[in-house]
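Notes follow once the structure below has been shown.
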């Protein structure tokens, strides 16, 4: 038999249906094992809505038996779209971003998009490196949290190159020079103002702010501005912020020096929950009781805060929803068929989600 004839017959050979899993298995092998045409098997992975459920199940079962994974990236590149969304978050050490990632992942994957995640560690230079990495991998668009949305070379570059993106947590103006920058966040300044006013209502007059470096987080600066608003509105002294070297860990020496002062604060407002939990730990090591001696208010509303004793009082933002809404707006910008309809143009540009206060626990009246 001529070699070409033998090769042709081999494609029809039943033995391919029992090919050794994961070793050179092709879509043709899966189609043969599932007893469907190659075109039908291809549609199961590229356009599943066009295939009957029972047929699709046979193909998936055969693919699972043969350890076959479709080359989705190759198909997407042939269509001039990768259907990959790049995501850059500052860190996953802080649970607030892990909760945001959950919303991003669920929303993107339900719309048929894959994700590529990088972290910036709050460093502008690393932001540039990571965004360049995402661009080299031909992502269709990005969800980003940057150090400072008002002064970002990364965002300037993406704007120049017309790369669709949506900011998560960075709060940008709905109108004006930054109007092209789409964002999903809470109102950092207003929510912080309300949190500090709750401390004032509890009787506190000397309230200090604990924060990571302002240069690395525009959210921290906006929350400090909310603290200033609340203190000035009540005729109270605005104390200089305590900027810690890390955004996710307290500094025992700085807290010790602050509490040794004769005019030590009776309450702390921490610009994120992990800092608040660290401050509580440091205060307890100094022999101080929370909230009997000192009150502590956090910001984020991460689930971990509810597990400490006493439970952390905090300003709550909807972290998973921030991620989900950022994806929804990005899909809208990409013109994806699966994108939800948005109420109006402004909502797709700078969306502010509702916040809440969770009080009690670590907040009480001053000693």
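Read-outs: derived from the displayed coordinates by stated rules, not from any lab. These numbers were taken from a predicted model, which means no experiment stands behind them. Cβ: placed from backbone, ideal geometry, glycine included. Neighbour counts: every protein chain shown.
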Subject >> Protection proxy ranking of 126-139, 262-275 - average other beta-carbon atoms within 10 Å, highest first >> reply: 262-275, 126-139
**OP:** May I ask you to order 325-332, 60-67 by the average number of other C-beta atoms within 10 Å around their residues, highest value first?
**Re:** 325-332, 60-67
**OP:** Take the Cβ-Cβ distance between residue 200 and residue 264 as r, set R0 to 22 Å, and report the resulting FRET efficiency rounded to the nearest 0.05.
**Re:** 0.80
Subject >> Estimated inter-spin distance, residue 69 and residue 214, nm [label 7 Å along Cα→Cβ] >> reply: 4.7 nm
**OP:** Starting from the Cα gyration tensor of the stretch 188-316, take the square roots of the eigenvalues, sort them a ≥ b ≥ c, and report rounded, prolate or oblate (rounded when a/c is under 1.5, otherwise prolate if a/b is larger than b/c, else oblate).
**Re:** rounded
Original post:
Taking the mean number of other Cβ atoms within 10 Å as a proxy for protection, how do you rank 252-259, 288-295 from highest to lowest?
Top reply: 288-295, 252-259
Original post:
By count of other Cβ within 10 Å, fewest leading, how are 200, 277 ordered?
Top reply: 200, 277
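Shape of the stretch 204-245 from its Cα gyration tensor (a ≥ b ≥ c, root eigenvalues): rounded if a/c is under 1.5, otherwise prolate when a/b > b/c, or oblate?
oblate
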